[in-house]
């Protein structure tokens, strides 16, 4: 008695799968490969025309060269030591500091 009453309201019919027949798919338009190639060539030419060759002065070239050199140097310095080595070096530095930098003990009652 108890089990039948609990499931009395359950629909026991087969599940229905939604049908996609009502949805119309867009048809893909076939493109001609020759026209695609022509368009690509035109785009490349257009991009070249938009960005004319940069003419830099000697000072600008020297500045750029120095920037690249300094950047390489910074990267090499960072790559020389591992993180563990940097931490050890920092800890040694902290050990070498005097106790002057420690927080003094403050007591109102002795």
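Which residue, of 69, 44, is under 32 Å from the mean Cα position of the chain (by Cα), in a helix (DSSP H, G or I) and modelled with pLDDT of 90 or more?
69
Modelled with pLDDT under 80 and in a helix (DSSP H, G or I), is that true of residue 34? Break it down stepwise before answering.
On the way: modelled with pLDDT under 80: yes; in a helix (DSSP H, G or I): yes.
Judged against the criteria, residue 34 is a match.
Go over the candidates 89, 64, 84 one by one and state the one that is exposed (fewer than 10 other Cβ atoms within 10 Å of the Cβ) and either at pLDDT below 85 or part of a helix (DSSP H, G or I) (or both).
84
The values are calculated or read from the model by the stated rules, or taken from the named source; none is laboratory data. Fair warning: this is a prediction, and the values are worked out from it, not measured in the lab. Reconstructed Cβ throughout: ideal geometry from the backbone, glycine too, with neighbour counts over all protein chains shown.
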